[in-house]
1. Rounded if a/c is under 1.5, else prolate if a/b is larger than b/c, else oblate: which is the chain, with a ≥ b ≥ c the root eigenvalues of its Cα gyration tensor?
2. Mind checking which lysines have their Cα closer than 29 Å to the Cα of LYS193? Skip sequence neighbours fewer than 8 apart in that chain.
3. Under a crude label model (7 Å from the Cα following the beta-carbon direction), how far is LEU42 from ARG159 in nanometres?
4. Expected output is a single nm value to one decimal: the length gained when fully extending between VAL235 and SER78, i.e. 0.36 nm times separation in residues minus the C-alpha distance. What is it?
5. Just order 112-124, 132-144 by mean Cβ neighbour count inside 10 Å, highest at the front, would you?
6. Going Cα to Cα from LYS285, which aspartates and glutamates come in below 12 Å? Please leave out same-chain ones fewer than 8 positions away.
7. Give me the net charge for the shell around PHE227: Cβ to Cβ below 14 angstrom, other residues only, Lys and Arg +1, Asp and Glu -1.
8. Near LYS225, which lysines are there with a Cα under 21 Å away, not counting those fewer than 8 places off in the same chain?
Amino acid sequence: MNVLISGVKNYIAERSLSLMAGEEGGVFALSSSVSLFKKTFLGELNAEIYYGDLIRNDFDESVHMPTLDVGYYFVQASTLTDVVNVKLELLCLRNFIAYLKRFNCKRLVYVSTLADKPYIEPFINLFLEMSVDYTVVLSSCVIGKGSIIESVYARLSLRKIILHTYACGSGEIQPVAISDLVSWLKKMLLVPKFHNTILEVGGRELISFADFFLLYKEVRSISIKSFVFSAPQWVVMCFYRFVLGDFFVSKYLINNSLCLDSKANDEWMQHMDFKFIGVAEALSKDQ
């Protein structure tokens with residue numbers, strides 16, 4: 001099976017370039033800066049990278065890929081709550097679909113997050129307009145080396161005082177291992193019921209942010225004792241941005257306080273057999 005991946009700045013997309021390859025077919029990807037991407041890529045690159053700028057609709061016309069079976073588009077915007085982000089995503093997606101059709105491909109998998117669930121309608125309308133055979137995949141947070149959630153907790157685990165929003169303190173997440181998610185994305189292509197629909201995917205277990213933090217420290221053998229407090233959202237933002245100067249942690253905690261308790265419905269399990277590993281194993285597996 002020949003696949004084309006776009007959105008390589010997205011964590012799942014980037015890891016897919018190592019994990020998506022199989023015994024048959026090839027994995028290809030588009031990047032607006034091929035040389036820079038290859039220099040900064042961490043891990044084993046099992047894909048051919050070609051120039052492609054979806055914003056400018058500019059591609060390397062000398063590229064001759066084989067007939068493509070599917071294109072994976074991984075969302076680039078950090079959030080789809082912003083109108084400008086949505087318009088930019090729609091522009092890139094339109095150009096990506098048109099590029100797929102050059103290689104006789106009308107099968108598209110659009111991968112975003114559960115947090116983006118309320119904002120998917122414009123994308124469905126685009127798929128219908130362009131007559132593409134689509135599957136929208138909304139994933140819960142992903143565990144793996146270099147993932148956002150691990151990067152955040154790696155920083156937090158070294159602090160003695162930690163603030164989080166009330167929502168983060170009481171909410172739960174359903175993390176999925178990156179290796180599992182990529183395998184799932186490949187296997188779901190074989191299920192006829194998954195055409196022209198929206199699928200939600202989450203890990204095997206629900207876990208609170210507090211319990212995830214304790215488990216993370218245990219698996220990573222971090223012995224620093226931390227004092228954790230809940231606070232209003234604006235206090236958390238000010239604490240990390242202005243007191244500690246940590247904009248990355250602040251952005252993550254604020255954004256994710258809005259999308260907790262969003263358990264994946266997992267209705268796909270009625271049509272496909274797939275077993276995810278647990279959170280502890282996922283943390284240990286990919287370090």
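Here, each number is a calculation from the coordinates, and none is a lab measurement. Everything numeric in this text was worked out from a predicted model, so none of it was measured. Counting neighbours? That spans all protein chains shown, and the Cβs are built from the backbone with ideal geometry, glycine included.
1. Numbers: a/c = 1.72, a/b = 1.66, b/c = 1.04.
Note, shape of the chain comes out prolate.
2. Cross-link targets: LYS101, LYS106, LYS117, LYS263, LYS275.
3. Between LEU42 and ARG159, the simple spin-label model gives 2.1 nm.
4. On the way: separation 157, 0.36 × 157 = 56.52 nm, distance 2.22 nm.
Stretched out fully, the VAL235 to SER78 stretch lengthens by 54.3 nm.
5. Working: 112-124: 17.0, 132-144: 22.2.
Going by the mean number of other Cβ atoms within 10 Å, highest first, we get 132-144, 112-124.
6. LYS285 reaches ASP180.
7. Residues near PHE227 contribute +4 overall.
8. Cross-link targets: LYS160, LYS217.
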